[in-house]
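Asker: My questions all concern the structure below.
Here, each number is a calculation from the coordinates, and none is a lab measurement. Just so we're clear, the structure is a prediction, and the values are computed from it rather than from any experiment. Virtual Cβ from ideal backbone geometry, glycine too; neighbours counted across all protein chains shown.
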Amino acid sequence: MEGFYAHQRIICLLDVDCFYVQVARKLNPELADEPVVVCQYGQRDLILSSSYEARKLGVKKGVRLAEAQKICPNVKLSRIPQYPDIDLANLEFHYEESASIFEAIAEFCGEDAKIERASVDECYIDLTAVTHRVVDTEGFKEVLNSEGASEVFKNTFMYSKEPLAPNLKDMVSEHSDLNMHLLVGTYVAIQMCQRIKEVTGYTCSAGIGVNKMLAKIVCGINKPNAYTVLPVHKIDELVCNTPVSEFRGLGGNWGQEIMQKLNVTNLGEIQSLPDEVIAEAFPYALRKIRQLSYGFEDEPVQHRLNTKQLSLSKQNVTLSKQELWDFAEKMAKIFTHKCVADKNKNKRIGKKLEMAVLLDFKRKTKTLQIPGVYGHGEPVKTFLMLVKKFFNELYGNDNIEEWTTPINHISMSVGGFEPIPADVSLISDYFKVAVEDMDERRIPRPPPVYQRNVDTTKDKKVIKKGKKKQKMTGKTAKIGEKLENFLTLSQFLPKKPMPRTENVSGIDVVDLESDDSVEIMQEDGVNDGEHEGKLKKTSGDEEKNRPPSTGLEKWLGQAKPCSSTDACDDDIEVLEIE
């Protein structure tokens with residue numbers, strides 16, 4: 001079994017406990033330790049989130065406040081604020097708090113881990129490189145063998161609810177190599193959550209497994225403020241005891257289809273089915289379903305700390321035509337401000353706007369190109385123009401004035417983000433007043449610096465060796481001019497970057513390839529167990545005394561690289577990934 005998972009990475013899912021409740025308690029400390037519910041704005045009073053104290057009493061999210069008060073009369077209420085002059089939820093403070101949490105995670109990990117933001121309150125972290133750095137260090141071995149291990153692994157569990165500290169020997173005795181790396185990942189996750197608590201005040205839970213799907217499953221088993229690791233020898237137990245709908249990506253129609261066509265309730269039951277049976281029901285998904293039945297998933301962690309799109313929506317609403325235009329104008333101002341703030345902070349621009357409405361509970365959507373980005377026009381005016389264009393194309397120019405069907409839902413989102421070029425000013429507006437195909441206009445650019453230098457120097461060149469050489473004419477002159485430009489240009493070309501040196505436990509590790517972090521692993525599937533990468537070699541001791549630059553390095557202290565003879569490391573001595 002270990003060989004099947006040996007090429008898998010060490011993945012952590014970090015989830016903020018009851019995020020909306022914790023934000024409410026930060027705004028109002030009197031709600032601490034009380035049963036609390038957070039309600040959306042509006043007359044329906046739907047519960048968006050409930051504290052663990054309220055959940056123990058039977059109050060769950062999705063129910064109405066009146067029903068929750070019947071179950072728990074002393075429940076405390078916190079409402080999501082609204083924007084002024086419009087019936088729309090204002091979650092800006094929540095987004096700011098979320099950003100502070102992810103900044104703390106990024107600061108702790110430095111360049112040693114990939115972080116993929118999954119939602120406002122959770123993210124996936126690839127800790128593979130970190131575990132290779134730590135697994136053989138004397139400091140970690142002392143932690144495992146010390147009497148204080150029970151305190152270090154407090155609130156830490158081995159799937160499903162077994163306390164980890166008393167079972168450390170059992171965990172590392174079976175499939176010791178990979179389980180040891182999982183144990184290191186668990187230790188790192190604990191330190192990271194403690195750091196988040198110190199910096200932001202928010203408590204988090206974490207799940208640690210060999211892929212994203214398993215890490216997410218185990219994360220929620222022992223919440224709140226708890227950590228759960230899934231050893232390799234427990235994977236089969238998990239897939240055989242967990243309903244299909246609870247797995248990541250299988251909670252919708254595809255999961256229902258798997259259960260119905262294969263007549264199973266959990267993924268483990270698929271292991272005994274012949275390939276012919278699976279292929280008959282899912283001709284193009286045999287390999288994928290077979291892998292899932294053994295708990296295998298190879299989706300990589302994409303390093304992304306920002307959201308894929310910005311959105312704003314209004315649900316459970318009934319808007320007439322005139323109410324729609326008034327509402328859309330106010331909504332456009334809010335959304336434009338949100339887009340501009342994201343642009344200035346994250347140095348990116350969105351190129352696509354998606355509009356969506358529900359008419360008689362039928363969804364209508366359309367994606368529009370944002371016409372221009374770098375001008376000094378009126379963003380709100382452009383946005384309203386796009387809204388009107390959406391309805392014109394939806395109903396036709398002749399029918400829009402006669403439109404009377406009320407809208408039940410309206411949403412708008414911006415995606416397709418691209419980084420802003422370094423030579424473009426951020427003072428410019430996010431949108432520009434619409435002109436057809438404006439985004440296709442070329443932005444004037446001056447000649448490159450090296451070309452301007454070449455043009456100014458080549459006219460001054462005078463050769464004074466002996467007799468003056470005759471001027472070349474025709475094609476010979478052109479060739480000579482190109483050669484002269486080429487020789488002059490070489491002095492302006494960027495020099496090859498110097499190797500970057502990093503100190504790891506008294507050893508200088510030199511990156512010979514580039515000045516950025518280097519990708520050292522690549523996984524192509526179940527049968528691809530080999531790791532490919534760029535090797536680094538040790539140099540002198542010029543920077544041995546360099547202080548640690550990230551929270552993770554401070555915690556690691558005098559960590560040393562894995563030995564090349566480590567069974568889990570095989571051919572790899574490289575200890576960093578991009």
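Asker: Counting Lys and Arg as +1 and Asp and Glu as -1, what is the net charge of the other residues whose Cβ lies under 11 Å from the Cβ of SER50?
Answerer: Details: positive: ARG55, LYS56, LYS60, LYS61, LYS76; negative: GLU53.
Within the 11 Å Cβ shell, the charges total +4.
Asker: When a/c is below 1.5 the answer is rounded, else prolate if a/b is larger than b/c, else oblate, so apply that to the stretch 19-85 with a ≥ b ≥ c taken from the square roots of the Cα gyration tensor eigenvalues. Before the final figure, lay out each step's value.
Answerer: Values: a/c = 2.03, a/b = 1.17, b/c = 1.73.
Verdict is oblate for the stretch 19-85.
Asker: So, R0 is 56 Å and r is the distance between the beta-carbons of PHE93 and SER176; what FRET efficiency does that work out to, to 0.05?
Answerer: Details: r = 47 Å, r/R0 = 0.83.
In this case the efficiency is close to 0.75.
Asker: Where in the stretch 194-233 does the amide nitrogen come within less than 12 Å of the point 7 Å from the Cα of ASP33, taken along Cα to Cβ?
Answerer: From the stretch 194-233, the list is empty.
Asker: Out of all DSSP beta bridges with both ends in the stretch 16-106, state the antiparallel percent to the nearest 5. Spell out each step's value before the answer.
Answerer: Numbers: 5 of 9 bridges.
Close to 55 percent.
Asker: Could the peptides 137-150, 328-341, 101-114 be put in order, highest first, of the mean number of other beta-carbon atoms found within 10 Å of their residues? Don't skip to the end; give the middle numbers.
Answerer: Working: 137-150: 13.4, 328-341: 18.5, 101-114: 20.4.
Order by mean packing, descending: 101-114, 328-341, 137-150.
Asker: I would also like to ask the following. For the cross-link pairs LYS362/LYS388; LYS308/LYS345; LYS288/LYS352, which exceed 23 Å when the distance is taken from alpha carbon to alpha carbon? Working shown, then result.
Answerer: Details: LYS362/LYS388 19 Å; LYS308/LYS345 15 Å; LYS288/LYS352 32 Å.
Pairs exceeding the cut-off: LYS288/LYS352.
Asker: Give me the number: length gained by fully extending LEU368 to ASN392, i.e. 0.36 nm times residue separation minus the C-alpha to C-alpha distance, one decimal in nm.
Answerer: Numbers: separation 24, 0.36 × 24 = 8.64 nm, distance 1.25 nm.
Taking LEU368 through ASN392 to full extension adds about 7.4 nm, to one decimal.
Asker: Any chance you could check the Cα centroid distance between the stretch 128-191 and the stretch 218-284 for me, in angstrom?
Answerer: The two parts, judged by their Cα centres, are 26 Å apart.
Asker: With a point put 7 Å past each Cα toward its Cβ, work out how far ASP326 is from ASP275 in nm, to one decimal.
Answerer: Distance between the two pseudo-spin positions: 6.6 nm.
Asker: Still on this model: Please list, by residue number, everything in the stretch 43-74 whose backbone N is under 18 Å from a paramagnetic label point 7 Å out along Cα→Cβ of PHE361.
Answerer: Only 44 fall inside the zone, counting backbone N under 18 Å.
Asker: Rank-order 309-318, 360-369, 27-36 by packing density, defined as the average count of other C-beta atoms within 10 Å over each peptide's residues, highest first. Before the final figure, lay out each step's value.
Answerer: Working: 309-318: 15.3, 360-369: 11.6, 27-36: 13.8.
Top to bottom by mean Cβ count within 10 Å: 309-318, 27-36, 360-369.
Asker: For the peptides 78-90, 179-191, what is the packing order when you average, over each peptide's residues, the other Cβ atoms within 10 Å and list the highest mean first?
Answerer: On the way: 78-90: 15.2, 179-191: 24.3.
Peptide ranking by packing, descending: 179-191, 78-90.
Asker: Between ARG348 and GLU142, with labels modelled 7 Å along Cα→Cβ, what's the label distance in nm to one decimal, could you check?
Answerer: A separation of 4.2 nm, rounded to one decimal place.
Asker: Between LYS70 and VAL340, with labels modelled 7 Å along Cα→Cβ, what's the label distance in nm to one decimal, could you check?
Answerer: Once both label points are built, they end up 4.8 nm from each other.
Asker: Quote the FRET efficiency, to the nearest 0.05, computed for LYS154 versus LYS381 with a Förster distance R0 of 60 Å and r equal to the Cβ-Cβ distance.
Answerer: Details: r = 57 Å, r/R0 = 0.96.
With a Förster radius of 60 Å, E is 0.55.
Asker: Going down the table (LYS141/LYS197; LYS314/LYS389; LYS60/LYS154; LYS141/LYS161; LYS161/LYS261; LYS314/LYS343), which pairs top 30 Å between alpha carbons? Don't jump to the answer; show the numbers that get you there.
Answerer: On the way: LYS141/LYS197 26 Å; LYS314/LYS389 20 Å; LYS60/LYS154 28 Å; LYS141/LYS161 24 Å; LYS161/LYS261 32 Å; LYS314/LYS343 23 Å.
Pairs exceeding the cut-off: LYS161/LYS261.
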